[in-house]
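Taking it in order: structure first as structure tokens, then the write-up.
The values are calculated or read from the model by the stated rules, or taken from the named source; none is laboratory data. Bear in mind that the values here come from a model prediction, so they are computed numbers and not experimental data. So basically every Cβ, Gly included, is an ideal-geometry build from the backbone, and we count neighbours across all protein chains shown. We work out accessible area using only protein heavy atoms, side chains counted, and drop any ligands, DNA or RNA first. Shrake-Rupley method; radii C 1.70, N 1.55, O 1.52, S 1.80 Å.
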Amino acid sequence: MDISGIDELIRMALREDVGDGDHSTLACIPADAHRAAKMVAKAEGVLCGIEVGERVFKLVDGSLKVTKLKSDGDGLKVGDVVMTVEGRAASILTAERTALNYMQRLSGIATQTNSMVKSIEGLHTRLLDTRKTTPNMRMLEKYAVKCGGGTNHRIGLYDMIMLKDNHIDFAGGIEQAIDRTHDYLERTGKCLKIEIEVRNMDELERVMRHGSVDRIMLDNFDVATLREAVSRIGGRYETEASGGITAETLRSYAETGVDFISVGALTHHIKSLDLSLVSL
């Protein structure tokens, strides 16, 4: 992972946590005390964010020695040691929670993604994330999805055209939204794929008649209607299912032959993986 752009993000997190000082540590830990600690997995899952955690410790105190014993994407069992940290005890304590916050959340995303990806093994469909991410954490959270075996959808508003229901309604209809989009791309010289959302079979038929898109998002279709829609499209466009699809229903949706399934819960409704820093 390229971590070159995350230092300021980490510094903001540390400023938020430390404020004018880690007074609990300052009150009872001598400045010259040296200790060692290990980060341990307390639950099974997929690791993500170890380089971020290392960077937290280093930004708090560059003299800390961090030894990484696992890599992002590794499976974890209860009791596995992820890393060790040695150096000033006060620095280790000050960095502890911020490092764990990053790593627990990112590992939780990777773990949930991996579980859902495994549930559709052997099928054509790929699992996508969405823009439903924590502000300023998007690149890290999308990286966590990849660590879990998922596929990144567009990164932001700038790297793909997605015409959703409100765009269509505000533009005056499906045909107007598509035509204006092509005019815009030609006028600006941009080369972006176009995806359009449809909410029912009637809207799908209108898109099919008009054409000029790359992918059709079939939003809130039930399994039977999705299967019918995928058959109707017949490979002419990429297909994506979205809306209310859960871990329990994922495989049944994937069995329709849809190309992609996007699940916002990968990044906005997750359980952090339990990691702990323990004194050595």
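Worth pointing out:
- Which listed residue, of LEU250, LEU226, LEU192, LEU277, is open to solvent by less than 10 Å² (accessible area, probe 1.4 Å), over 21 Å from the mean Cα position of the chain (by Cα), modelled with pLDDT of 95 or more and not small (Gly, Ala, Ser): LEU226
- Residues located in region 111-163, provided they are of a type in the set (Lys, Arg), touching a helix residue (DSSP H, G or I) at 6+ places or on another chain (Cβ under 8 Å) and assigned to a loop (DSSP other than H, G, I, E, B): ARG131, LYS132
- Residue pairs whose Cβ atoms lie under 6 Å apart, sitting 6 or more positions apart in sequence or on different chains, and linking a residue in region 147-172 that is closer than 29 Å to SER115 by Cβ to a partner that is outside any loop (DSSP other than H, G, I, E, B) and among the acidic types (Asp, Glu), are MET162/GLU195; LYS164/GLU197.
- Among (1) buried (at least 18 other Cβ atoms within 10 Å of the Cβ); (2) in contact with a helix residue (DSSP H, G or I) (Cβ under 9 Å, 6 or more places away or on another chain) - the single one ASP179 does not satisfy: (1)
- Region 102-113 residues that are closer than 16 Å to LEU127 by Cα, paired with ones that are in a helix (DSSP H, G or I) and of a type in the set (A, V, I, L, M) (beta carbon under 7 Å, 6 or more apart): ILE109/ALA144; ILE109/VAL145; ILE109/LEU266; ALA110/ALA144; GLN112/LEU266; THR113/VAL145; THR113/LEU266
Yes or no, residue by residue, for (1) closer than 23 Å to MET137 by Cβ; (2) among the polar types (S, T, N, Q); (3) out of contact with any helix residue (DSSP H, G or I) (no Cβ under 8 Å at 6 or more places or on another chain):
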| position | (1), (2), (3) |
| --- | --- |
| ARG15 | yes, no, yes |
| THR25 | no, yes, no |
| GLU51 | yes, no, yes |
| ASP61 | no, no, no |
| LEU64 | no, no, no |
